[in-house]
Amino acid sequence: MTPPQAKQRLGDILIAKKLLSPEELEAALKDQKVKGGFLGQILINKGVVSPVDIDRALEEMSSDVRERMEFGRTLVAKKIITDVQLTQAVDRQRATNQNLEDLVVELGFATADQIAELLSQQVGLSFVHLKDYELKQDLLLLIPENFIRNYHIIPIAQENDMLTVAMSDPLNLNIVDQIRLITGYRINPVVATKKDILEFIDKYFSWQMRMKQMLADIRLDKVSDDTAIARIVDTIIHAAIDARASDIHLEPQFPEMRVRFRVDGILHDISNIPKTIEAPLVSRVKILADMDITEHRRPQDGHLTMKFKDNEYDLRVASTSTVTGEKLVLRILDKSGMLLGLEELGIDEKDKKILTSLVARPYGIILVTGPTGSGKTTTLYAILSQMDTLRENIITIEDPVEYRLTGISQIQVNPAASITFATGLRSILRQDPNIIMVGEIRDTETASIAIHAALTGHLVFSTLHTNDAPSAVTRLIDMGIEPFLISSSLIGVVAQRLVRRVCPTCHETYVPDAETLKELGLKDDHKQYHFSRGKGCRDCLGSGYRGRTGLYEVMGVSERMEELILKRESANKVKALAIEEGMTTLREAAIQKVIKGASTPQEVKRIIFSSGD
């Protein structure tokens, strides 16, 4: 809403008509500040002007300003606000140029619903609650997004040639005319609160809508200039962040480049990029990531930082040459994101107690195992973030350093500078560490150094690629580590996986059938199970899942287990003993997630059962 300008104020008009002197106006304004009320009425009460003079002055003001002043008087008349509150709002309006309606709500004098309902009554329009509407995306494409955001309007229904548009400013009739010209429809304006409209704008103008609109503009305009390419790249990255994606895949295909986002571990097709702008788009990303744009055959790695919605994001960029062109993958890391605690990662109380007791040990090695993308590093960060960084010297060697941990010295693997896990770990041991984290044990040399560090009084954390916790023992033996060294240093192993959570927005409960219970190993003994599943909605990209939670298998190394390790017993025997001693397997942890409604049988079957864990 456009605030009244100085030349449109009532006092200025009365002075211009020589019905009022500047001194009289100043005296009346002082009274208004003390007593409150409408300036015109104060002037009438003082006998300075007549009611006819006030009415004629109001008629000369623009309809927009006049209606707003009358609205303020109506608020007082309806006892929604007091005279004093109106005066305070008007004073703030003069200082800030905000409209009166917003100020009354901002100052806490009235609710947004009260203002919107009164506005609708004043202009003879309907007041609507947007939560009662399920908006159609084809309607949103009728009006440019920037217009919708700038004027706080949103189309909510269409019948024949009539488009119903919710507005927070029904007094601005010029906007209605502009919407009619843009859409070609007759417009039926209704009133909604600005808060509701802004929430719906953020909800419905998702990354999908923005991508479709952007690519439609590209194809229509056939743009390929640098500014347009920069806008496309920014839109793709912003869309990925909005979608909570961990990775962006830009894949050259025929006839167009494919854009895919990895969300909650699953790749989703997003859109196709016209072949005409594929090369400049790839070059734009490589320039941002400080990569060589003239090199197309040799794989490259790059890095860029981007700020979006007050958060800062690191993006690691990797390029490789394919038969159809150069492919880019961008890994997204939220620098300002909060590190999670163990409870938030999904570990249950029993396993948390076991892990906490292992972490409290003064020395030894603890391994976190699982496939790539199973959340191993996140778990290690959660553990390290709870360490006493004031009394302990904690050093890590990582590839890459994904998050900065306060009070912890972190080293980045850099082969070009001869910094590998093995060489970095050797240098760490000369830095008087108490606790060491090695991002990954990839080779025998790194494993040997880590084991010896644990044997010489250090608490060492690292990751390993194995299917379950017991297999970590046989994996170390296969790497050439002597069993007596493993039994003397290894104090615990954590195996983990990530499963998708049921979407909290569209979830529903149901009673599973006998076949599903059988697949999960649950007895159909008339016990009424209630499982959860997602119906699919905009919040979860129609998948029924939103976010992920961890499945954990925590194995402590007991004296009996040390004996099995010394005898080079198989992983199956180690596992049998661990289960006997109380270890919850990944399979059991998965079934519990289903029973508690956190995930679904289909999801845990995809992650756990199909792999034989």
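A compact table of results
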item	result
Dipole-positive endmost among S488, L586, V473 within the stretch 472-586 (Cβ charges, Cα centre)	L586
Mean separation of Cα contacts under 8 Å, 6 or more apart, over the residue count of the stretch 292-409: relative contact order %	17
Average accessible area per residue (Å²) across the chain - probe 1.4 Å, nucleic acids and ligands excluded	49
Considering only the chain, percent of DSSP beta bridges that pair antiparallel, nearest 5	65
The chain: relative contact order in percent, alpha carbon pairs under 8 Å with at least 6 residues between	8
Amide proton proximity set for M257, modelled H, under 5 Å, gap of 5+	I273, K275
Where GluC sites (Glu not before Pro) fall in DSSP loop in the stretch 535-599, at most 16 other Cβ within 10 Å	E581
Proximal lysines to K18, defined as alpha-carbon separation beneath 23 angstrom and excluding residues fewer than eight positions away on the same chain	K7, K30, K46
For the stretch 379-438, share of DSSP beta bridges that run antiparallel, in % to the nearest 5	10
Amide H contacts under 5 Å for T584, placed H, 5+ residues apart	V554
Spherically averaged projected area of the chain from its Cα convex hull (nm²)	38.6
Under the Karplus curve 6.51 cos²θ - 1.76 cosθ + 1.60, θ = phi - 60°, whole-Hz ³J(HN,Hα) for the stretch 191-196, x wherever Gly or Pro sits	10, 9, 6, 4, 4, 5
Ellipticity estimate at 222 nm from DSSP helix runs (n ≥ 4, -39,500 (n - 2.57)) divided over the chain, nearest 500	-12500 deg cm²/dmol
Carbon plus sulfur fraction of accessible area for the stretch 425-466, probe 1.4 Å, in percent	44
Alpha-carbon centroid distance for the pair the stretch 97-117 / the stretch 466-533, whole angstrom	54
Cut-off under 5 Å, modelled amide H: who pairs with H268 long-range	F261, R262, V263
Accessible area of the stretch 548-613 belonging to carbon and sulfur atoms, whole % at 1.4 Å probe	47
Where the Cα pairs of the stretch 348-450 fall when distances are cut into 10 Å bins, in %	13, 48, 34, 5, 0
Neighbour cut-off at most 14 other Cβ (10 Å), DSSP loop, GluC sites (Glu not before Pro), the stretch 122-177	E134
Loop trypsin sites (Lys or Arg not before Pro), the stretch 519-596, which have at most 15 other Cβ atoms in a 10 Å radius of their Cβ (DSSP)	K523, K527, K535, K567, R568, K596
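The values are calculated or read from the model by the stated rules, or taken from the named source; none is laboratory data. No experiment lies behind these values; they were computed from the predicted model shown. Ideal geometry is used to build each Cβ from the backbone, glycine not excepted, and the neighbour counts take in all protein chains shown. Protein only, heavy atoms only, side chains kept; ligands, DNA and RNA dropped before computing areas. Shrake-Rupley method; radii C 1.70, N 1.55, O 1.52, S 1.80 Å.
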